[in-house]
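For reference, the structure discussed in these notes is given below.
The values are calculated or read from the model by the stated rules, or taken from the named source; none is laboratory data. Model, not experiment: these values are computed from the prediction. Here the Cβ positions follow ideal geometry from the backbone for every residue, glycine too, while neighbour counts run over all protein chains shown.
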Amino acid sequence: MKKQNIFALLKKDHEKVSQLFSKIEKAGDKAVAKKETLYAKIREELTIHSFGEEKAVYPLLKENEKTQDIGWESVEEHGVVKYLFSKIDAATAGTPDWKALVTVLKEVVEHHVEEEESEMFSKMRKAFSKEELDLMGVNFVKAKKMTNVKELKAKTLHKPAKPTAGTSMAMQ
Ligand SMILES: [Fe+2]
Ligand SMILES: [Fe+2]
């Protein structure tokens, strides 16, 4: 099995998402469709990345004394990100509400990534052997492949038409 450096893998994904956030920020106020597509991409990338971490990294962190606190904290931060996805999905792209939620998502993700790349990485280096970290890398790649990208795309890019104000949400 090819060796996979877990730190490089995580950083690469983080960088990809950070570039997408920069693009969404640069897109003009009128580029609503472009912003919506960029958001869908961010959601997809983050969902796959988070799933990989939740399957291959965090469970091991939670079992080790040196990393357990940051492991549990990371899980909770993913929970906040997922909550924000649900709020953004329910909002209409381009509205002040939607824009504010995307900004909050960016800030939460930036904080989370910063913490992973500093505190979490350094604690992982102290807690695990080179072999354990390499195996984590291999398992992270495997776990990411388990996510159904097609299904994710269907969920984020082809949402049902939003009801107009005042109509029932019951059918959603
Ligand atoms: Fe991460
Ligand atoms: Fe994470």
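Against the test of being at pLDDT 95 or above, touching a Gly at 6+ places or on another chain (Cβ under 6 Å) and not basic (Lys, Arg), the options Leu20, Leu61, Leu84, Leu10 yield a single qualifying residue, Leu61.
Annotation: of all residues in the range 115-172 being β-branched (Val, Ile, Thr) and assigned to a loop (DSSP other than H, G, I, E, B), the one that is modelled with the lowest pLDDT is Thr167.
Only one of the numbered conditions (1) within 14 Å of ligand 1 (Cβ to nearest atom); (2) of a type outside the set (S, T, N, Q); (3) under 11 Å from the mean Cα position of the chain (by Cα) is not met by Glu119, and that is (3). Residue count for the range 1-32 under the criterion of being acidic (Asp, Glu) and within 12 Å of ligand 1 (Cβ to nearest atom): the result is 2.
Okay, residues lined up against (1) more than 15 Å from Met120 (Cβ to Cβ); (2) surrounded by 16 or more Cβ atoms within 10 Å (Cβ to Cβ):
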residue	(1), (2)
Gln4	yes, yes
Phe7	no, yes
Asp13	no, yes
Ser18	yes, no
Phe21	yes, yes
Lys41	yes, yes
Glu54	no, no
Trp72	no, no
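Taking the criterion of being surrounded by 14 or more Cβ atoms within 10 Å (Cβ to Cβ), under 16 Å from Leu38 (Cα atoms) and not acidic (Asp, Glu), the residues of the range 74-102 that qualify are Leu84, Phe85, Ile88, Ala91, Ala93, Gly94, Trp98, Lys99, Leu101, Val102.
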